[in-house]
Each structure stands twice: as structure tokens, then as C-alpha cells.
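Here is the structure we will look at, set down as C-alpha cells.
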Amino acid sequence: MKQLPPDTVRLLSSSQVITSVVNVVKELLENSLDAGATSIDVKLENYGLERIEVRDNGHGIKAADTPVMAVRHFTSKICTHDDLEHLETYGFRGEALGSVCAVAEVTVITKTEEDDVSTQYTLNFTGGIVSKKPSHLGQGTTVNVLKLFKNLPVRRQYYSSTKKCKEELKKVQDLLLAYAIIKPELRLTLVHNKVVLWQKAKVPDHRSALVATLGPGVVVNLLPCHHRQEQPEIFLEGFFPKPGADYSSTSSSHPDKTFIYVNNRPVHHKDIMKLLRQHYTAQYPDDGSRSRYPVLMLSLTVSPSSVDVNLTPDKTQVLLHDKEAVLIALEAFLVSLYGFRPTDDPPALRPLSSETSCVPSEAAWPEEEASLAPTDLFGDADAAVRADAPPDSQTSNGSSSSSLAEDWIVNQMPAGSESNASLHDQNDLLSAETNVINKLPEMLEDNASTDERRGQFSAEDWSRGTALTDPVSGRPLQPVSIHQPPQTNVSAPDQALSSPDKKTLNAITEKRATLTAYDLISSRAMRAPLSPAALFEKEARADVLREKPAAGLQDISAAVHERWKNLREEDRKKYEEKAQKHQAQHEQRTKLASAEGPAETTLGTRGQKRKAPPSNQKLLDELFSAQPQKKSGTPAPKPSLPLPCNIPSLRLRLQRLSSQSSAVPRGLRLVNQLASRSAWVILCGQRLMLLNPFRVEEALLFKRLLENNILPAVSLQTPIQLTDGSLGGAEYTKALCSMEKQSPELSGEVFFCDPRLVANGFKVRLIPALPSAERHLEVTAMADCVPFLGVEDLREILTAVLHGKARSVKECRPLKVTNYLKGEAVRLVRQLPASPSRADVEETLRRMERQLGEKNRTCIHGRPFLQHMGLWSCDPFLPENALQNS
């Protein structure tokens with residue numbers, strides 16, 4: 001045996017901690033949160049394989065700690081293992097940055113509040129510093145990870161397919177989503193290849209965070225809840241689906257929208273997830289909800305000493321020391337919210353604590369459901385038998401009587417049974433039913449005496465069907481089964497005589513053993529099972545289209561055929577197994593369809609027979625007849641009305657009108673809206689033109705923002721000194737000092753209030769000359785909504801004032817501010833209704849003519865408002881209704 005080299009040991013252990021792109025982002029994100037960051041930007045290039053950048057505004061790394069900041073097992077969060085019992089940070093092992101260095105190239109830029117400038121450090125594969133140089137970034141830390149898995153070619157090859165890369169990008173977004181919900185005060189941004197994929201602003205509370213991440217349509221169906229337990233100390237809070245809400249809007253087919261937190265740490269806990277799904281899906285009788293995951297946020301707060309987070313490298317699995325107490329508290333909370341979940345265990349075998357035994361009172365049930373409580377036992381036999389009936393459809397009222405059973409028996413009798421059974425059979429049936437009814441009071445008395453001995457039965461026992469038990473066997477009492485006598489065969493003549501008004505059923509509506517044409521016309525038609533090659537083509541065609549969007553049908557078919565030929569044997573067997581399952585299902589459905597007998601009419605709630613569907617025989621005869629029927633001779637003449645019209649006189653009148661001097665109308669006249677609902681037809685003189693009202697709104701809004709918008713300035717931690725060199729010369733300093741100022745303060749300081757400075761987000765202070773110091777200027781606040789706004793933009797304003805003689809705010813806008821206002825104009829216009837009304841468009845035209853004039857007729861992107869309809873021309877005196885009809 002030989003000892004492994006240190007480099008090999010470091011690489012092997014690092015590849016266990018850093019297994020994917022999302023692991024790198026998670027470790028760096030948690031480091032930023034531990035540093036007190038309130039703003040984090042995550043930028044990826046090529047799905048994170050080429051570059052991962054995580055920038056925050058936290059406390060930064062002290063200069064004394066930088067030599068060991070990436071060395072393994074160096075950390076500032078704990079000192080000994082006992083500190084884990086009081087852990088309040090996300091990280092604690094000191095392995096993240098060192099493990100990243102072993103599998104990628106890492107640079108760190110950091111600045112603390114005490115540092116004058118930030119410093120960029122380049123690290124080697126052991127975490128040591130190779131070089132350092134000053135940087136321009138502000139307070140916080142920026143970590144750049146380049147060429148991830150460069151020395152692990154097999155792992156990098158895993159991301160060679162676009163599908164795997166997109167899945168990894170989705171995992172990164174889900175990770176940021178989880179932290180954005182539990183940290184409402186955190187601002188997060190995700191950028192991929194310089195495109196903003198997702199962002200979340202700072203919000204005040206968890207509900208606002210859910211609205212910002214999941215949308216208001218989801219949060220409107222969530223209910224804020226909390227639950228506290230003293231011993232052991234457990235606190236549950238979060239947002240849960242409202243009881244009875246539609247599961248299609250409060251659940252998902254994937255668990256990515258079920259957020260579980262333990263001490264503000266996103267975790268995956270199988271037992272908690274199972275309990276949440278059981279109680280959520282128990283309120284829906286539909287089988288489709290069984291495979292759904294509820295959309296919710298659960299935050300569990302326990303003592304740090306009762307949680308072990310050091311289980312897996314990614315720290316998403318935790319070990320709860322008081323897991324049973326936590327699950328009992330959670331179940332009590334879910335029972336109080338959704339009611340008891342139906343189970344097959346008898347109540348004596350289910351230990352219920354004082355927390356989980358609380359049930360909503362009868363007054364808390366809906367009135368329409370409480371009113372049905374006495375009849376649920378006998379009024380609907382199917383509902384009493386169902387084991388998966390929701391608890392809110394059954395009540396805790398245990399009263400019953402034989403009269404209810406009689407009503408149920410009468411309602412269940414077929415309306416026309418007297419015509420299908422003999423009088424002797426009816427007497428036997430009534431006598432059997434009478435015996436059952438006579439026995440019911442004795443059975444209820446036995447159950448009542450049993451209940452008095454053991455106490456009143458609870459709503460949970462009633463909802464599970466275990467409230468009434470058989471005194472002999474001790475098993476739960478089953479609903480009464482009513483046996484109907486078999487129908488005797490009646491000949492057709494006798495049947496016609498017995499019911500002369502009854503119509504004979506159509507041959508098409510009576511579904512015999514074989515499939516008929518009616519089955520093919522209705523929704524009963526079934527598709528043929530797919531072959532293994534067809535199943536593979538169905539999945540592979542989407543991948544080929546994603547990789548080659550411009551490929552033709554023949555190219556796609558050839559590529560899919562080539563992939564099927566080169567498919568591995570084990571993958572080919574999977575598709576063959578799928579095809580066999582489809583074939584078996586198809587054969588089973590065919591047998592069921594063929595085995596169905598004549599359609600029987602079902603009974604309504606009041607015992608009335610449902611009407612037979614109308615006959616389709618005439619339609620089928622026309623569709624499937626061998627010789628189509630010939631239409632009768634000549635069609636009937638259409639009604640017509642002669643109108644007097646003289647074309648020469650009409651032409652003469654139009655010529656006279658067009659010769660008048662005031663014939664050509666001036667201005668723009670709105671005609672009608674096109675079917676696309678994004679353009680309007682207008683009449684400009686004698687020409688028809690197309691108008692895009694949204695481009696006009698962009699230009700009008702941008703003009704107003706240029707003239708009136710004031711960018712909010714945020715105070716700088718360290719003011720920026722302004723000198724002749726930074727401004728571009730003494731004449732620029734003189735031009736700045738000549739701008740409008742406020743009245744001096746007691747200390748002698750003067751702030752500039754010139755709109756050309758304030759509207760562009762600059763707050764400049766003038767400190768007068770003192771005996772100990774000379775006069776100087778400094779910028780105390782700047783707008784943070786415009787990226788990279790700085791002193792050069794202030795110099796651009798002074799250039800416009802000095803050389804361009806700019807007097808208004810519109811003339812002094814820097815290029816960065818102008819581009820920002822263009823983006824704001826576009827964003828605001830996109831929020832307008834997609835189809836504006838006619839009055840709104842007319843008002844837009846009036847504002848365009850009044851504010852923009854005739855020369856400026858283009859939007860902020862240089863596209864014209866109006867476009868000529870080259871193939872259209874019209875006479876100016878043609879009525880407007882005629883234009884609309886054309």
C-alpha cells in the first residue's frame with residue numbers, strides 16, 4: 001500500500017464537496033449571507049462552466065484573514081465542535097472556497113468598511129495567494145470561478161448536452177428562489193450570458209417575497225399560519241394552501257415549489273414532505289391529486305443544539321434529534337388546518353397527544369355541509385362506503401333513524417321496476433327491506449350503549465366510519481345493501497303493449513358487443529399503440545428541433561432515424577418495454593369497450609328516468625350510405641330588391657367635389673383597428689396609413705421622462721472629492737460653482753439645488769475655505785438605479801452647460817441616464833392594455849400632434865409611427881363607414 005500524494009487527496013476530497021455548478025453557487029451564496037449581504041448578483045457564462053461570479057455588499061474579508069481565506073479548514077464561524085450547538089450561520093466547515101480552488105481558477109475581490117480601496121487576489125489550486133492588485137469595486141466581496149472542472153474531464157463531459165446544462169441552470173434558479181423567500185430583505189439577481197433571467201427586489205415580509213417569486217395568482221390561495229409548542233420548543237410558521245382550494249392552482253407535479261426550512265436553512269426532509277402531502281391530498285377525492293406536491297412555505301424553528309446539519313457535503317439534509325416531537329407538532333398543526341386525514345387504523349391504535357386531538361367544532365363547518373350530516377349515513381350508500389371521502393363531507397353528528405333508511409330505500413327503487421318484475425318479487429323485496437329496517441333500531445341501541453360505556457364518539461371516528469360497530473364481531477358497521485330482483489325477459493309485443501307511449505331505443509344508442517360507427521364518431525375512438533421506434537421518435541424529435549431550429553422535416557426524420565440506429569441496447573429495451581405496456585393497455589381498453597352491454601338509463605336524485613338521447617340514425621345513414629342522395633332540382637331563387645343607381649351621374653358628382661379647393665381634409669383621422677389589434681388605420685389627406693399607438697406612447701413617455709424625471713440619489717459611505725483634474729479643468733469647476741445653490745447651513749456648507757444636477761441623481765456639497773483648509777467640492781450622493789454612474793457623467797453635464805449652453809434638464813441628460821430612461825419608457829409602455837380603445841388612440845393622436853409636431857414622428861428606437869399602405873388609396877370624400885367596410 002502507498003500513501004496518496006497531497007494533491008491527489010485534495011482533488012478527491014474537493015470533487016466530493018463540489019459536484020456541480022449549483023454547489024458552487026450555493027457555497028458562495030451562503031458565504032455572502034453569512035457576511036451580512038443584502039444584495040447579491042449571480043452571473044454565469046456558458047451555464048457556469050466558463051465563469052461563475054457572485055458579488056455581494058457584505059462586510060468583506062479583513063486583510064489579516066486573506067492569506068488563509070481559501071485554505072481548507074480555516075473559518076471564522078466556529079472554533080470547536082461544541083460551537084455547532086449554537087450555530088447561526090450557513091457555513092461552518094471552511095471547505096467551500098478551498099474545494100472550488102482545487103477544481104477551477106478562482107479570483108477574489110474584497111473590501112471592508114475600513115479599507116480605502118478594494119483588492120483583487122488570484123488564488124492557486126491549494127488556496128494560496130498568487131498575486132494581488134487594487135480594484136475599483138465597492139464594499140463587499142466578489143468571487144470569480146473560471147473554467148470549472150478543468151482538471152476533471154469526465155465531470156465536465158457530463159455537461160456536454162444542452163439538456164443537462166439547462167437542467168443545471170434551472171436548479172440554480174430554484175436555489176435562489178428558496179433563499180429569496182426566506183430572506184425578504186435580500187435583493188437577488190441571476191444573469192446568464194449577460195441576459196437577466198430572474199431578479200427579486202427587497203421586500204418587507206415573507207408574503208411579499210412569495211408574491212415576487214411565485215406570483216400573486218398563487219399567493220392568493222395561500223393562508224398565513226403559525227403554531228408554537230413549548231416542550232420541546234418548536235415554532236412552525238409559513239403559508240399553506242387554503243382548505244378546499246382548487247388543487248390545480250395550489251399544487252405542482254414537481255416538489256420544486258414546496259419550500260421547507262429548518263432554522264432558515266432550505267432542506268429536503270422526506271418525513272416532513274410525506275406528512276405534508278398526506279394531509280394536503282386527503283381533502284381531495286380525485287386520484288389525480290395523489291401525485292401532486294402542495295405549493296407552500298414551511299419554516300421550522302428549533303433549538304440549534306437539536307439539529308445536526310453536518311450530514312452531507314451540500315448541507316441540504318439535516319438530522320432532527322426530536323424528530324417525533326416535530327412530526328407530532330406538525331401533524332397537530334395540519335389537522336387543525338385541514339381536518340383529520342382518513343386512515344385505516346382504528347382509533348384505539350393511533351396515539352393522539354393533546355396537541356393533535358383538537359378538532360374544529362360543528363359550528364366551524366359550512367352550513368350546507370352541516371345540514372347534510374344526518375343523511376350522510378343512509379342518504380348516499382356510496383359515500384358511506386368510500387374510504388377516501390374527504391373529512392369535510394362527513395360530520396360528527398351520530399343521530400339516525402329508521403325513517404331515514406326508509407326514505408333512502410324508496411329513493412333507490414327504480415322508477416319503472418313494476419313493469420320489469422312480478423308482484424311476488426316485489427312483495428319478497430319489501431318484506432326483506434322491512435326486516436332490515438326493523439333491526440336498525442336494535443343495532444343503533446347496541447351501538448349507543450357501547451358508546452355510553454366508552455364515551456361519546458368523536459368526529460374522527462365518524463369520518464372514518466368506525467363510530468358504529470357490530471356488537472358481535474366488533475367490526476365497523478357496514479351500510480345496508482339492497483338487493484334488487486333480476487329483470488325478466490319480456491317479449492317485444494308484450495313490452496310494446498305494456499308501455500305503448502315508450503319509444504323503442506335506436507340501434508345506434510344500444511351499444512352491443514361490437515364497436516359501431518357511433519363509437520368511432522363519438523369520443524370513444526382509441527388510438528393504436530405506438531411502436532418502440534415511434535415512442536423514441538416522439539421524444540427525440542423535440543431534442544433535434546432544439547439543437548437545429550432551422551432543420552427541415554426530412555433532416556429531422558433522418559437525424560431521428562440515425563439516433564435510433566445508434567441507440568444503445570439497454571435504452572432500446574426501455575422503449576420496447578414502454579411499447580409493450582401501451583399494447584397491453586390498448587388491449588384492455590378494447591376488451592372493456594367490446595364487453596359493454598346495452599346502455600342502461602341511470603337514476604336521478606329523485607328517481608326520474610333520464611331521457612334517451614336523440615337518434616342519430618338519419619345522420620349516420622347520410623354519412624355511410626353507398627349512394628349519396630341527389631339534391632332536388634333547381635334551388636329556390638334568392639330574394640332580391642332592385643335599387644336605382646346611375647354610374648355616370650355618380651362619377652360626375654365625384655369630379656365636382658374633388659375639384660373644390662377645400663376638398664382635401666387636413667390632419668389625421670382615425671378609421672378602424674386591424675384584426676391584429678396592434679395597428680390602426682388612419683386617413684392622412686388622401687392616403688391610408690397604419691399607426692402603431694405603442695410607438696407613439698413610447699416617444700411621449702420618453703419625452704416626459706427626459707423633461708421631468710428626477711433620479712433618486714442614495715448617500716455614499718465615502719464622499720467623492722471633486723478636483724480640477726477629475727472634472728476636466730478649471731473652467732468645469734467654475735461652471736459647477738456657478739450653478740444654483742441652497743442657503744448656507746450653520747457649518748457653512750452649501751448644497752447645490754440646480755435641477756440639472758438633482759434630476760440626474762447628483763448631490764454635490766461645497767465646503768467653504770477655512771483657516772486650516774481650503775475650499776473643496778465633493779459628491780455626497782448619487783443615483784444607484786443607473787449602473788456605473790460616476791464623475792465622468794457629471795463631467796458630461798458640465799460639458800453640456802459650458803459648451804452647449806444647456807439651460808433645461810432635457811439638454812443636460814448624460815448618455816447613461818438617457819439610456820436608462822429609454823428602458824423605463826419601454827417598460828412602462830409594456831404595462832399598457834394590449835388593445836386600447838378608440839378614445840385612447842384618438843387622445844394619443846392629439847397628444848402626438850401637440851407635443852411632437854410633424855418632424856418628430858419616430859419612436860425611441862428610430863421606427864416610424866406611420867407606415868404607408870402602398871396598395872391603398874381612396875377619395876377623401878368616401879364616407880368613413882365605407883373605409884371601415886373595406
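Observations, loosely collected:
- When L535, L545 are screened for being out of contact with any Pro (no Cβ under 9 Å at 6 or more places or on another chain), part of a helix (DSSP H, G or I), exposed (fewer than 14 other Cβ atoms within 10 Å of the Cβ) and of a type in the set (A, V, I, L, M, F, W, C), only L545 passes.
- Of the residues screened, Y121 is not one that is farther than 16 Å from K43 by Cα, among the aromatic types (F, W, Y), surrounded by fewer than 16 Cβ atoms within 10 Å (Cβ to Cβ) and outside the structural domain of H268 (by the TED database).
- Hey, T858 modelled with pLDDT of 80 or more and open to solvent by less than 50 Å² (accessible area, probe 1.4 Å) or not: no
- Residue within the stretch 293-313 that is within 23 Å of the chain's Cα centre (by Cα), open to solvent by 30 Å² or more (accessible area, probe 1.4 Å) and either at pLDDT 85 or above or assigned by the TED database to the domain that holds Q173 (or both) present: yes
- Filter result (of a type in the set (S, T, N, Q) and open to solvent by 80 Å² or more (accessible area, probe 1.4 Å)) within the stretch 820-850: Q831
- Here A806 meets the list (1) farther than 22 Å from S715 by Cβ; (2) open to solvent by 40 Å² or more (accessible area, probe 1.4 Å) almost entirely, failing just condition (2).
- Close contacts from the stretch 147-158, counting a first residue that is closer than 22 Å to E53 by Cα and a second that is open to solvent by 100 Å² or more (accessible area, probe 1.4 Å) and in a loop (DSSP other than H, G, I, E, B), with Cβ to Cβ under 8 Å and a gap of 6+ residues or different chains, come to R156/K150.
- Only one of V801, V817, V764, V786 that is open to solvent by less than 30 Å² (accessible area, probe 1.4 Å) and more than 17 Å from I710 (Cβ to Cβ): V801
The values are calculated or read from the model by the stated rules, or taken from the named source; none is laboratory data. These numbers were taken from a predicted model, which means no experiment stands behind them. Cβ coordinates were reconstructed from backbone atoms using ideal geometry, including for glycine residues, and neighbour counts include every protein chain displayed. The area values use the complete protein model at the heavy-atom level, side chains included, leaving out ligands, DNA and RNA. Shrake-Rupley method; radii C 1.70, N 1.55, O 1.52, S 1.80 Å.
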